[in-house]
1. For the list (1) farther than 29 Å from Ser55 by Cβ; (2) surrounded by 15 or more Cβ atoms within 10 Å (Cβ to Cβ), I need the number of the one condition that Phe97 fails.
2. Among (1) outside any helix (DSSP H, G or I); (2) farther than 24 Å from Leu88 by Cβ, there is one condition Ile18 misses while meeting the rest; what is its number?
3. Can you tell me which of His45, His41 is touching a helix residue (DSSP H, G or I) at 6+ places or on another chain (Cβ under 6 Å) and assigned to a helix (DSSP H, G or I)?
4. Which condition breaks for Gly15 when tested against (1) within 29 Å of Leu84 (Cβ to Cβ); (2) of a type outside the set (Lys, Arg); (3) surrounded by 13 or more Cβ atoms within 10 Å (Cβ to Cβ)?
5. So, in region 18-36, how many residues would count as being hydrophobic (A, V, I, L, M, F, W, C), open to solvent by less than 50 Å² (accessible area, probe 1.4 Å) and farther than 20 Å from Tyr65 by Cβ?
6. So which pairs qualify, if the first residue must be in region 90-119 and within 18 Å of Asp27 (Cβ to Cβ), the second must be outside any strand (DSSP E or B) and of a type in the set (Ser, Thr, Tyr), the Cβ gap must be under 7 Å, and the two must be at least 6 apart or on different chains?
7. Given Arg125, Arg85, Arg139, Arg112, which one is in contact with an Asp or Glu (Cβ under 6 Å, 6 or more places away or on another chain) and either β-branched (Val, Ile, Thr) or open to solvent by 30 Å² or more (accessible area, probe 1.4 Å) (or both)?
8. Among the residues of region 14-65, which ones are under 15 Å from Arg108 (Cβ atoms) and touching a His at 6+ places or on another chain (Cβ under 9 Å)?
Amino acid sequence: MQAFDGPEALGAALGQEIGVGEWITVDQTMIDRFAEATGDHQWIHVDPERAARDSPYGATVAHGYLTLSLVPRFIAGVRRLEGLRLSLNYGLDRVRFPAPVIVGARLRGRVRLAAAVPVPPRGLRVTYAVTIEIDGQERPACLADAVVLHHW
């Protein structure tokens with residue numbers, strides 16, 4: 001895990017990969033909890049029997065937005081911001097879901113610092129380019145540019 005002690009130190013990593021996170025397993029419980037939280041109960045996500053029978057994947061798949069919701073976890077897992085007062089999600093510039101996440105898949109985040117814009121007096125608006133990889137697959141589950149406003 002990389003540590004950054006202020007906006008200058010983080011900004012100096014512009015264009016660099018700042019880390020690759022730990023693998024996490026997306027199980028049916030995680031998918032079901034996300035369905036409950038969002039009200040998205042499509043059978044492809046929450047009905048293992050029907051998914052085994054009718055889905056082209058032969059199993060349930062995670063919601064794309066569940067995969068996207070892991071972005072902050074993957075970012076936090078690869079860097080530490082020392083002395084930080086507060087961070088705010090600013091938005092997303094680009095999101096794609098190139099490959100489905102089949103139940104039981106392992107995911108990890110690869111994080112690169114794509115942009116860093118100073119925000120006076122001691123802030124930095126950062127774009128983290130996050131690639132969510134699927135263990136054993138070439139195509140990623142998600143590509144997202146997450147914009148975060150950090151204040152020291």
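1. Just one mismatch for Phe97, condition (1).
2. All conditions pass for Ile18, except number (2).
3. His45
4. (3) is the only condition that Gly15 fails.
5. The number of residues fulfilling the criteria is 1.
6. Matching pairs, first to second residue: Pro100/Tyr57; Val101/Thr67; Ile102/Tyr57; Val103/Thr60.
7. Answer to the selection: Arg112.
8. Ala62
The values are calculated or read from the model by the stated rules, or taken from the named source; none is laboratory data. Since we're looking at a predicted model, the values are computed, not measured. Here Cβ is always computed from backbone atoms with ideal geometry, including for glycine, and neighbour counts include all displayed protein chains. When the accessible area is computed, the model is the full protein with side chains, heavy atoms only, and any ligands, DNA or RNA have been set aside. Shrake-Rupley method; radii C 1.70, N 1.55, O 1.52, S 1.80 Å.
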